[in-house]
Number of protein chains: 2
Amino acid sequence: MATIKDILVEMKDMSELMVDLSYSAVLFNSKDAAEEVITLENKINSLNYEIKKQSLLAARSVEDAERLTVLLEIAEAAESIANSAKDIADLVLKGFKPHPVFKMVMEESEETMVRVVVKKESQLVQKSLGELFLATRTGMRVISIRRDESWIYGPDRNTIIFEDDILISKGTVTGSGILQELADGEISLDELGLDDFPHDSN
Amino acid sequence: MATIKDILVEMKDMSELMVDLSYSAVLFNSKDAAEEVITLENKINSLNYEIKKQSLLAARSVEDAERLTVLLEIAEAAESIANSAKDIADLVLKGFKPHPVFKMVMEESEETMVRVVVKKESQLVQKSLGELFLATRTGMRVISIRRDESWIYGPDRNTIIFEDDILISKGTVTGSGILQELADGEISLDELGLDDFPHDSN
């Protein structure tokens, strides 16, 4: 069972990711990003339930209760942030008519967002982000990884990629295509310039 | 006058920063971070007013109006995110009684957040982040800069620091102290290990 502390830290990470994903969804007209917001919203709701339950269980005195109400207020704010992010994501999922400014944002932006599923055949499987040099090879940064029902926020060079991981990544349009092919196992790492994987800083 | 496009991009950056700052404020009990949230909330309200005004002015047909309502919905969601961030920040400014879990988060976290004002005497003045190697020298990343009434979100190595800039930075507790002294002009860059400033990747 997650502790209140773990839940608080996860709420922070999750709220930031949801806000990022929801704006990215609408600015880049990305259904992928919008769908991840919906998934996260469900998760934040269950975290909220958990934090409320644990706060109520932990209150033994008036002083306890005073300190614990702060947690409830944070949970409420987190829920409200999640709802706003969902409102933005819903615009995309409902097939909104994009205003021409969105096209301008997309064209001027050097960044896009992509979600790829790592297939069994992919050379990414069982390798750490550090040894993959993904940023160097593809121009893509992995901002989070979804693994079954859990999330890794801000993965680092020691994070290992597994089969079926869902990588949420940001980078160039060209890079997105390359990452997709890597995740599908359609191209090999050797085709992307670096011949070996020194364990240096990425 | 900022265009609708500029406003949208700034809203995204600002929402992300507010969420980050508000949680950091409460988890690290940082009044600095909380105060920045309040400043940003005022700014997002005026951006919202601007986007609504421009949307109304731009509507010439039913189709225009349909496309423009999306902007109003985004503005509304941004306002709601800002309000939630402000609710969290207010807990800190009102002097909440921190629950022991906050202390645990702080102690286990390798990261803290600090706001420093760059004084005239500081060696940071008129230098780019790239040539300063701040991350290497101090262990601190500058996540945003406030300059008078405007903000630089996610400054990069080409961003020049000016006198009176307010740097919002994340890093270790030790690093925070060093950055403060640098910004105050109490220590020089030479005292921090690197003797010159090669313009390489940081």
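Annotations
- Options B:Val125, B:Val105, B:Val101; residue that is of a type in the set (A, V, I, L, M, F, W, C) and either more than 9 Å from chain A (Cβ to nearest Cβ) or farther than 20 Å from B:Tyr23 by Cα (or both): B:Val125
- If the condition is being crowded, with 17+ Cβ neighbours inside 10 Å and of a type in the set (S, T, N, Q), then the range A:55-79 contributes only A:Ser55.
One line per residue, one yes/no per condition, for (1) out of contact with any Phe, Trp or Tyr (no Cβ under 8 Å at 6 or more places or on another chain); (2) surrounded by 13 or more Cβ atoms within 10 Å (Cβ to Cβ); (3) of a type outside the set (Lys, Arg); (4) under 22 Å from A:Thr39 (Cβ atoms):
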residue	(1), (2), (3), (4)
A:Met104	yes, yes, yes, no
A:Met113	no, yes, yes, yes
A:Pro155	yes, yes, yes, yes
A:Val173	yes, yes, yes, no
A:Leu182	yes, yes, yes, no
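- Subset tally (residues that are among the aliphatic types (A, V, I, L, M) and over 23 Å from B:Ala77 (Cβ atoms)) for the range A:30-50: 0
- Restricting attention to the range A:15-49, the residues that are under 14 Å from the mean Cα position of the chain (by Cα), aliphatic (A, V, I, L, M) and at the interface with chain B (Cβ under 10 Å from one of its Cβ atoms) add up to 3.
- Residues in the range A:120-144 that are buried (at least 16 other Cβ atoms within 10 Å of the Cβ) and in contact with an Asp or Glu (Cβ under 6 Å, 6 or more places away or on another chain): A:Val125 alone.
- Listed conditions (1) within 14 Å of chain A (Cβ to nearest Cβ); (2) at pLDDT 90 or above are all met by B:Glu111, apart from (2).
- Set A:Lys12, A:Lys43: member being within 20 Å of A:Gly154 (Cβ to Cβ) and either hydrophobic (A, V, I, L, M, F, W, C) or buried (at least 20 other Cβ atoms within 10 Å of the Cβ) (or both): A:Lys12
- Close pairs from the range B:152-165: first without any contact (Cβ under 8 Å) to a residue 40 or more places away in the chain, partner surrounded by 13 or more Cβ atoms within 10 Å (Cβ to Cβ) and acidic (Asp, Glu), Cβ under 9 Å, at least 6 apart: B:Ile152/B:Asp165
- Scope the range B:41-74; condition under 26 Å from B:Glu149 (Cα atoms) and in contact with a Lys or Arg (Cβ under 7 Å, 6 or more places away or on another chain); matching residues: B:Glu41, B:Leu72
- Answer from A:Lys86, A:Lys43, A:Lys53, A:Lys103 - the residue that is part of a helix (DSSP H, G or I), without any contact (Cβ under 8 Å) to a residue 60 or more places away in the chain and within 26 Å of B:Leu27 (Cα to Cα): A:Lys53
- Checked against (1) loosely packed, with under 15 Cβ neighbours inside 10 Å; (2) at pLDDT 90 or above, B:Lys86 passes all but a single condition, namely (1).
- Scoring B:Ser24 on the criteria (1) closer than 14 Å to B:Tyr153 by Cα; (2) touching a strand residue (DSSP E or B) at 6+ places or on another chain (Cβ under 7 Å) leaves a single failure, condition (1).
- Unmet requirement for A:Asn29, which otherwise passes all of (1) closer than 30 Å to A:Glu107 by Cα; (2) touching a Ser or Thr at 6+ places or on another chain (Cβ under 9 Å); (3) at pLDDT below 90: (2)
The values are calculated or read from the model by the stated rules, or taken from the named source; none is laboratory data. Treat the numbers as computed from the prediction; the structure is a model and nothing was measured. Please note: Cβ atoms are built from the backbone with ideal geometry, for glycine as well, and neighbour counts cover all protein chains shown.
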